[in-house]
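A quick write-up on the structure given underneath.
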Amino acid sequence: MAWVYLNGRILPLEEACVPVTDRGFLFGDGVYEVIPAYGGRLFRWPHHLQRLQNSLDGIRLANPLSDAQWRDVLEELLVRNREEAGADNDQAIYLQVTRGSAPKRDHCFPREIRATVYALSQPIPPPDPAIARDGVAAVTLADNRWSRCDIKAVTLLPNVLLRQQAVDAGAAEAILIRDGNAIEGTSSNLFVVRDNRLCTPPKSDYMLPGITRDLVLELAADNGMACDETEIRAASLPQAEEIWITSSTREIVPVTRLDGRTIGTGEPGPWWRKMSELYRDYKTEVRAGRAH
Ligand SMILES: Cc1ncc(COP(=O)(O)O)c(C=O)c1O
């Protein structure tokens, strides 16, 4: 049975309900985080907490819990859902904060309502071996999202439609193009290897600052892999030696086909293999409590 946290209580998933007047339901007026936990230990917790705070600030909503309260809630969930998680005890937490429920549907912020706070943890499924063997296909699509993509808002309709367009085209992800630049995927950040350097677009209001992205940059810098935060022209993507997408749930995924064309050799490349090993080793350190 899966346990969830809702507004101060831990309860079975089936019993967790929010009113239909919740502004998350009516307006998508809320933010969320996705946080992996390896061996029951929160991964990059300070980074996720800071991004949650930035998202809450971005929608002008006070953080309903203190740092310590967040940690207590999430660690309690990890313990409650431990049994389902298998030997490694790897789980992914989803947490969401909405502006809460008000009797009258009105765009402007209601006064004196309590935020709705929801969290659940679920086992992380084992990686699909086909991804390491073959990589995945991606397509490029015009980025038609808003201009505050740095906020991790629950309002994800453009991302949903763009991802479905990619899936309908037989691809795993859409790489989004704005003003001729590749920005990120619908739920992932973007890396490109070219001229013996690892490149990723710089942070901006048009991109979610991925926690995985930052870790990949850190690991690259610590291990002598030359890397740049620089604009990536969409027109240059077909000539990339390697393309990767990164996210907390998918980790680092090699893109070997883009818009029906082969990227590099058509197989996951040496830079990806090296970074996957570094990332795997980092997770081992987290499980052992030597890194976070
Ligand atoms: C739009 C978008 N970009 C990037 C990411 C990757 O972020 P993270 O590495 O923190 O999971 C996500 C994650 O869901 C996302 O939704």
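Check 216, 255 and return the single one that is under 18 Å from residue 140 (Cα atoms) and either in contact with a His (Cβ under 7 Å, 6 or more places away or on another chain) or among the β-branched types (Val, Ile, Thr) (or both). If you could, list the steps in order and put the result at the bottom.
On the way: 216 fails: under 18 Å from residue 140 (Cα atoms).
Step by step, each of 216, 255 is checked, and only 255 is under 18 Å from residue 140 (Cα atoms) and either in contact with a His (Cβ under 7 Å, 6 or more places away or on another chain) or among the β-branched types (Val, Ile, Thr) (or both).
Let's see how each residue does on (1) part of a strand (DSSP E or B); (2) away from the ligand (no atom under 16 Å from the Cβ):
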residue	(1), (2)
17	no, yes
20	no, yes
31	yes, no
34	yes, no
50	no, no
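I'm trying to understand the selection: among the residues of segment 17-44, which are farther than 16 Å from residue 113 by Cβ and among the small types (Gly, Ala, Ser)? If the condition is that a residue be farther than 16 Å from residue 113 by Cβ and among the small types (Gly, Ala, Ser), then 28, 37, 39, 40 are the ones that fit. If only residues of segment 137-165 that are within 13 Å of the chain's Cα centre (by Cα) and β-branched (Val, Ile, Thr) are counted, the one that is nearest to residue 94 (Cα to Cα) is 154. Among all positions in segment 206-217, there is no residue which is at pLDDT 95 or above and more than 15 Å from the ligand (Cβ to nearest atom).
For segment 122-154, enumerate the residues that are under 24 Å from residue 49 (Cα atoms) and touching a Lys or Arg at 6+ places or on another chain (Cβ under 8 Å). Answer for segment 122-154, where residues must be under 24 Å from residue 49 (Cα atoms) and touching a Lys or Arg at 6+ places or on another chain (Cβ under 8 Å): 150, 152. The residues on offer are 14, 33, 76, and the sole one that is outside the structural domain of residue 154 (by TED's automatic domain parsing) and surrounded by 17 or more Cβ atoms within 10 Å (Cβ to Cβ) is 33. Look through segment 36-48, keep the residues that are within 16 Å of the ligand (Cβ to nearest atom) and assigned to a loop (DSSP other than H, G, I, E, B), and return whichever of them is surrounded by the most Cβ atoms within 10 Å (Cβ to Cβ). By that ranking, first place goes to 43.
Cβ separations smaller than 6 Å between residues 6+ apart or across chains give the following pairs from segment 275-292 residues that are farther than 23 Å from residue 193 by Cα to residues that are among the charged types (D, E, K, R) and modelled with pLDDT of 95 or more: 286/41; 291/285. Considering (1) surrounded by 14 or more Cβ atoms within 10 Å (Cβ to Cβ); (2) away from the ligand (no atom under 15 Å from the Cβ), the lone condition that residue 221 does not fulfil carries the number (1). Selection of segment 158-199 for residues being away from the ligand (no atom under 12 Å from the Cβ) and among the aliphatic types (A, V, I, L, M) yields 161, 166, 167, 169, 171, 172, 177, 182, 192, 193, 198.
Listed here are the residues, each with its yes/no results for (1) at pLDDT below 95; (2) on the phi > 0 side of the Ramachandran plot; (3) surrounded by fewer than 20 Cβ atoms within 10 Å (Cβ to Cβ).
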{"residue": "54", "(1), (2), (3)": "no, no, yes"}
{"residue": "60", "(1), (2), (3)": "no, yes, yes"}
{"residue": "64", "(1), (2), (3)": "no, no, yes"}
{"residue": "72", "(1), (2), (3)": "no, no, yes"}
{"residue": "112", "(1), (2), (3)": "yes, yes, yes"}
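Does residue 208 satisfy being free of Cβ contacts under 8 Å to residues at least 24 places away in the same chain, within 30 Å of residue 89 (Cα to Cα) and surrounded by 17 or more Cβ atoms within 10 Å (Cβ to Cβ)?
Details: free of Cβ contacts under 8 Å to residues at least 24 places away in the same chain: no; within 30 Å of residue 89 (Cα to Cα): yes; surrounded by 17 or more Cβ atoms within 10 Å (Cβ to Cβ): yes.
No; evaluated as a whole, the condition is false for this residue.
The values are calculated or read from the model by the stated rules, or taken from the named source; none is laboratory data. Just so you know, these numbers come straight off a predicted model, no measurement behind them. Note that each Cβ is placed from the backbone with ideal geometry, even for glycine, and that neighbours are counted across all protein chains shown.
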